[in-house]
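Shown next, in structure tokens, is the structure this report addresses.
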Amino acid sequence: MKRVVVLFLLFPLLFACSSREQEKEIVLQEILNSIAFPVYIEEDISLPEEIDGIRIEWESSNEEVISSTGKVMAKESDTSVELKAIASLEEQKFEKIFNVIVKGNSPLQSINYTKDYRFSMEEANAKKYPYYKGYLYPGLRDKDGQEHLAFKENHTIGKSINVRLFGARPNDIAFDNTLAFQNAIASAKPGDEVFVPRGKYYFKTAIVTSPYYAHLRLASGVNFRGEGKDQSILISDFQKGENGSKAYGKKTATLVCGNMSNSTISDLGFSATADDSCLPKDMNDTKSNNPEGNQHAPAFGIVVYNTSIQGLTENIYIQNVYIEYFQYDGIRLYCTRNCKIANSVITKATDIGGGGAGYGIEIRGYGHEYFQYIDTRLDSCYNIVEEVEVIGPYIRHGIILSYMTNNNLFYKNKVLDSADDAFDVHGQDEFLNVFSQNYAKCSRRGAGLGLGNTGSTHDESGYGNIAYENHFIGCKYGITVARGTKYTQLIKNKIEECSYTIYINDGPYTVQKDNIIISKKKGMIE
């Protein structure tokens, strides 16, 4: 009987203790339920350590992505993480798991290689420009701010067509390979490739004469591949003085891709029947042309172009090519979109004088103040130049933009020993372009990057261009912004041993942030 009484007396006590514990648990549960996080975490978050006197501890299932203090570490892709909250009241504890996704450097953030920096134009400011057609976001971003991923490499899925089977003959300076190569191209269907075995192939005539006077013209959907940029070499050898003639001299080319799309050009070298004796006598004279040297070299190595409002030239991929001995542009992209140039070398222009000579790569729009072609099929936009090396000293500009080309990306390119601006935004309304992690050394008379220019059709560059994490060393100027160029963003650039570092002369609303100046000679001029 006594035993039963004891049990009876203990039961209310146990029940009372249980009620108190349940009350504590309810309180802790309500506290934790009051905490909310977005499903996607993009930046550091606040993890409360106390709410209404209730202590809260945090644990992360992946400290390398988001710490127990709420610090977010950048990752390339989205990562799921469990955040455990442990609330304590006296000896009572209650836990809750919060499932979140830490947003990685998605294409929207990383595709332009600007990491943590985002910028967009205020629409009210952009609307003041005559070429505004809704573009507000720089680089490879669409009008709505989403990533622009339209570039697609054309892969070979069909036959490999050997030019030797059509009569091409390597290493014979007297033989004209023009017809053999063009017949091989004509036999190919979309998805096929035209293959060039190792050797030097000479070209003496033009297969097309308008708008460029060129040895070869590629067809849509057909790839063009050699065995290596130092193995399969195409050598321009015009025989009738075309390079130096008034009719053809400024439009001769080795290869053109005109009014067409979806081709890859790779593993080829482009040269001419020239040697270093054809190079300019004065590597610093950018006013005088070099007519004697130019007789031996075509105006262009490769030209990709569109001339039709009904046509479209896109998805041309030029990779792993070597280009030397040309008058004007090693590679020109004219009214193209979604094209890419990568892993290539350009050097030895035979002219660095006036009239547009001596450019490694030029991307250009339709022409001076042709505002009506922005946002049409003749627009020049969304092109990519990546890991290209342009080597002087016989180079005027390494990479140049002209005539209202917009939303292009330039990433990890090198320009060495140029006469004028290594990277040049030529002062003809080029807007919303991104330069990220590029390198220029020894721009002898110009800047590592120049925006705005003087000249007959030059003045200001367009709005919203970005220079992010570039490195310019030993140039006359690190970066110049001039002639009324507005809303330029200069972020985290390193400027080393330049005579002048950042030179802003009539550059309204230029933003400078976290730029690094090392061993400056004459200091920063704003």
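The values are calculated or read from the model by the stated rules, or taken from the named source; none is laboratory data. Quick caveat, the model's predicted, so the values are computed rather than measured. Neighbour counts are summed over all protein chains in view; Cβ atoms, including those assigned to glycine, are modelled from backbone coordinates with ideal geometry. Keep in mind that these areas ignore ligands, DNA and RNA; they rest on the heavy atoms of the full protein, side chains included. Shrake-Rupley method; radii C 1.70, N 1.55, O 1.52, S 1.80 Å.
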Checklist outcome for this item: When segment 408-427 is checked residue by residue, the ones that are crowded, with 24+ Cβ neighbours inside 10 Å, outside any strand (DSSP E or B) and either free of Cβ contacts under 8 Å to residues at least 12 places away in the same chain or not hydrophobic (A, V, I, L, M, F, W, C) (or both) are Asn408, Asn413, Ser418, Asp421, His426, Gly427
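Out of the residues in segment 268-277 that are surrounded by fewer than 20 Cβ atoms within 10 Å (Cβ to Cβ) and in contact (Cβ under 8 Å) with a residue 24 or more places away in the chain, state the one that is nearest to Asn223 (Cα to Cα).
Kept after step one, since they are surrounded by fewer than 20 Cβ atoms within 10 Å (Cβ to Cβ), are these residues of segment 268-277: 273, 275-277.
If we keep only those that are in contact (Cβ under 8 Å) with a residue 24 or more places away in the chain too, we end up with 273, 276.
Values: Thr273: 26, Asp276: 31 Å.
It comes out as Thr273.
Considering only residues that are outside any helix (DSSP H, G or I), farther than 15 Å from Gly360 by Cβ and either in contact with an Asp or Glu (Cβ under 6 Å, 6 or more places away or on another chain) or not hydroxyl-bearing (Ser, Thr, Tyr) (or both), which ones fall in segment 284-297?
First pass over segment 284-297, keeping only residues outside any helix (DSSP H, G or I): 284-290, 295-297.
Those left that are additionally farther than 15 Å from Gly360 by Cβ: 284-285, 287-290, 295-296.
Correct list: Asn284, Asp285, Lys287, Asn289, Asn290, Gln295, His296.
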Checklist entry - Looking only at segment 249-280, which residues are under 20 Å from His296 (Cα atoms) and among the charged types (D, E, K, R)? => result Lys250, Lys251, Asp275, Asp276
Checklist entry - Taking segment 312-329 as the search range and keeping residues that are open to solvent by 20 Å² or more (accessible area, probe 1.4 Å) and outside any strand (DSSP E or B), which one is modelled with the highest pLDDT? => result Tyr328
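Scan segment 471-483 and tell me whether some residue there is among the hydrophobic types (A, V, I, L, M, F, W, C), open to solvent by 10 Å² or more (accessible area, probe 1.4 Å) and touching a strand residue (DSSP E or B) at 6+ places or on another chain (Cβ under 9 Å). Please lay out each step first, then the result.
Within segment 471-483, the first condition is being among the hydrophobic types (A, V, I, L, M, F, W, C), and the residues that meet it are 472-473, 475, 479, 481-482.
Retained after the next criterion (residues that are open to solvent by 10 Å² or more (accessible area, probe 1.4 Å)): 473, 482.
Okay, now just the ones that are also touching a strand residue (DSSP E or B) at 6+ places or on another chain (Cβ under 9 Å), so 473, 482.
Checked segment 471-483: at least one residue is among the hydrophobic types (A, V, I, L, M, F, W, C), open to solvent by 10 Å² or more (accessible area, probe 1.4 Å) and touching a strand residue (DSSP E or B) at 6+ places or on another chain (Cβ under 9 Å).
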Checklist outcome for this item: The correct count of residues that are touching a residue at least 60 places away in the same chain (Cβ under 8 Å), in contact with an Asp or Glu (Cβ under 6 Å, 6 or more places away or on another chain) and surrounded by fewer than 24 Cβ atoms within 10 Å (Cβ to Cβ) in segment 437-462 is 2
Next on the checklist: For segment 29-50, give me each residue that is open to solvent by less than 40 Å² (accessible area, probe 1.4 Å), farther than 11 Å from Leu83 by Cβ and β-branched (Val, Ile, Thr).
Outcome noted: Ile31
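Applying the selection to segment 386-407, what residues are at negative phi and either at pLDDT below 95 or assigned to a strand (DSSP E or B) (or both)? I'd like the intermediate steps shown before the answer.
First, the residues of segment 386-407 that are at negative phi: 386, 388-402, 405-406.
Answer for segment 386-407, where residues must be at negative phi and either at pLDDT below 95 or assigned to a strand (DSSP E or B) (or both): Glu386, Glu389, Val390, Ile391, His397, Gly398, Ile399, Ile400, Leu401, Ser402, Thr405, Asn406.
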Checklist entry - If you take the residues in segment 344-363 that are surrounded by fewer than 24 Cβ atoms within 10 Å (Cβ to Cβ) and within 22 Å of the chain's Cα centre (by Cα), which one is nearest to Lys251 (Cα to Cα)? => result Thr347
Checklist entry - In segment 224-241, is there at least one residue being assigned to a loop (DSSP other than H, G, I, E, B), farther than 23 Å from Asn171 by Cβ, open to solvent by less than 50 Å² (accessible area, probe 1.4 Å) and in contact with a strand residue (DSSP E or B) (Cβ under 9 Å, 6 or more places away or on another chain)? => result no
Checklist outcome for this item: Filtering segment 334-343 down to residues that are open to solvent by less than 10 Å² (accessible area, probe 1.4 Å) and not in a strand (DSSP E or B) yields Cys335, Thr336, Asn338, Cys339
Item to check | Failed criterion for Arg169 (all others in (1) part of a loop (DSSP other than H, G, I, E, B); (2) open to solvent by less than 60 Å² (accessible area, probe 1.4 Å); (3) not acidic (Asp, Glu) hold) | outcome: (2)
Item to check | Residue in segment 100-121 that is polar (S, T, N, Q), open to solvent by 30 Å² or more (accessible area, probe 1.4 Å) and over 22 Å from the mean Cα position of the chain (by Cα) present | outcome: no
Checklist entry - Restricting to strands (runs of 3 or more DSSP E) lying wholly in segment 26-106: which have 2 or more residues that are of a type in the set (S, T, N, Q)? => result 79-89, 92-102
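Let's see how each residue does on (1) of a type in the set (D, E, K, R); (2) in contact with a helix residue (DSSP H, G or I) (Cβ under 8 Å, 6 or more places away or on another chain); (3) closer than 30 Å to Gly158 by Cβ:
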{"position": "Ala247", "(1), (2), (3)": "no, no, no"}
{"position": "Thr252", "(1), (2), (3)": "no, yes, no"}
{"position": "Ser266", "(1), (2), (3)": "no, no, yes"}
{"position": "Thr273", "(1), (2), (3)": "no, no, no"}
Checklist entry - When you scan segment 246-255, how many residues do you find that are under 11 Å from Asn294 (Cα atoms) and open to solvent by 40 Å² or more (accessible area, probe 1.4 Å)? => result 1
